[in-house]
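**Q** Structure below; questions to follow.
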Amino acid sequence: MGTEVLNKLATYLTFNIMQEVYALDVLKVKEVLELTKITKVPKTPRFMRGVINLRGSVVPVVDLKYKFGMGDTEETIHTCIIVMEVAIDNEVKVIGAMADAVKEVINLEPDQIEPSPYLGTKVDIEFIQGVGKVGEEFVIILDIDKIFSDEEFEAVSSTAVSVGEDKQKEK
């Protein structure tokens, strides 16, 4: 289960990508936004959809569906942006992640969470903290701090900084 042992009741925000249910530690989530205008930024990684204006701050938005190799997120009435805090290089950064829909907030006891399954040595599942069982449904618990490599996150966060600096120069 990654490097963390889940040994107490934990609270998660669940959301859909395609028909699969994923979960994030609710303490990492700042807010959930309806889909808003995303400004595309040239020369950014393919999984980065662009940036949004969040109360005057520039926030990069990534497409988790694309990052997971499942194609692009289609924009529907249910599509949303989950704004979260990600730890990288001992710093906390704010990013948004597109999801097909947000489901609910759930509590999981330690006995409801299984370790990440072994899928072979060529499959990187380090970002999966575990698999939760809610009734008959599985919930893939993500470790958002491990989804992006340092280089990927640096590309995303430096884009937000440079866009933010450009906006300041325009004033």
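**Q** Cβ contacts < 8 Å: first residue modelled with pLDDT under 95, restricted to the stretch 65-85; second residue outside any loop (DSSP other than H, G, I, E, B) and among the hydroxyl-bearing types (S, T, Y), any location; separation 6+ or different chain. Result?
**A** As it stands, the answer is D72/Y66; T73/Y66, since those pairs meet every condition given.
**Q** Here's another thing I want to ask about it. When you scan the stretch 39-50, do you find a residue that is at pLDDT below 90, charged (D, E, K, R) and surrounded by fewer than 20 Cβ atoms within 10 Å (Cβ to Cβ), even just one?
**A** yes
**Q** Now a separate question. May I ask you to say which residue of T11, T76 is exposed (fewer than 15 other Cβ atoms within 10 Å of the Cβ), of a type in the set (V, I, T) and not in a loop (DSSP other than H, G, I, E, B)?
**A** Details: T76 fails: not in a loop (DSSP other than H, G, I, E, B).
Just one listed residue meets the conditions, T11.
**Q** So, one more: Hey, could you check the stretch 86-100 for residues that are surrounded by 19 or more Cβ atoms within 10 Å (Cβ to Cβ) and among the β-branched types (V, I, T) and say which is modelled with the lowest pLDDT?
**A** So in the stretch 86-100, the residues surrounded by 19 or more Cβ atoms within 10 Å (Cβ to Cβ) come out as 86, 95-100.
Keeping just the survivors that are among the β-branched types (V, I, T) gives 86, 95.
Values: V86: 88, I95: 93.
Among them, the one singled out is V86.
**Q** Checking the condition of a type in the set (V, I, T), within 19 Å of A10 (Cα to Cα) and in contact with a strand residue (DSSP E or B) (Cβ under 8 Å, 6 or more places away or on another chain), which residue from V58, V41, V86 passes? Steps first, please.
**A** On the way: V58 fails: within 19 Å of A10 (Cα to Cα); V41 fails: within 19 Å of A10 (Cα to Cα).
It is V86.
**Q** Any residue at all in the stretch 13-26 that's hydrophobic (A, V, I, L, M, F, W, C) and more than 28 Å from I113 (Cβ to Cβ)? I'd like the intermediate steps shown before the answer.
**A** Residues of the stretch 13-26 that are hydrophobic (A, V, I, L, M, F, W, C), as a first pass: 13, 15, 17-18, 21, 23-24, 26.
When the remaining residues are screened for being more than 28 Å from I113 (Cβ to Cβ), the result is none.
No: the stretch 13-26 contains no residue that is hydrophobic (A, V, I, L, M, F, W, C) and more than 28 Å from I113 (Cβ to Cβ).
**Q** Does any residue of the stretch 18-36 turn out to be surrounded by fewer than 18 Cβ atoms within 10 Å (Cβ to Cβ), in contact with a strand residue (DSSP E or B) (Cβ under 7 Å, 6 or more places away or on another chain) and part of a helix (DSSP H, G or I)?
**A** Yes, the stretch 18-36 contains at least one residue that is surrounded by fewer than 18 Cβ atoms within 10 Å (Cβ to Cβ), in contact with a strand residue (DSSP E or B) (Cβ under 7 Å, 6 or more places away or on another chain) and part of a helix (DSSP H, G or I).
The values are calculated or read from the model by the stated rules, or taken from the named source; none is laboratory data. From a predicted model like this one, the values you see are computed outputs, not experimental measurements. Neighbour counts run over all protein chains shown; Cβ positions are idealised from the backbone, glycine included.
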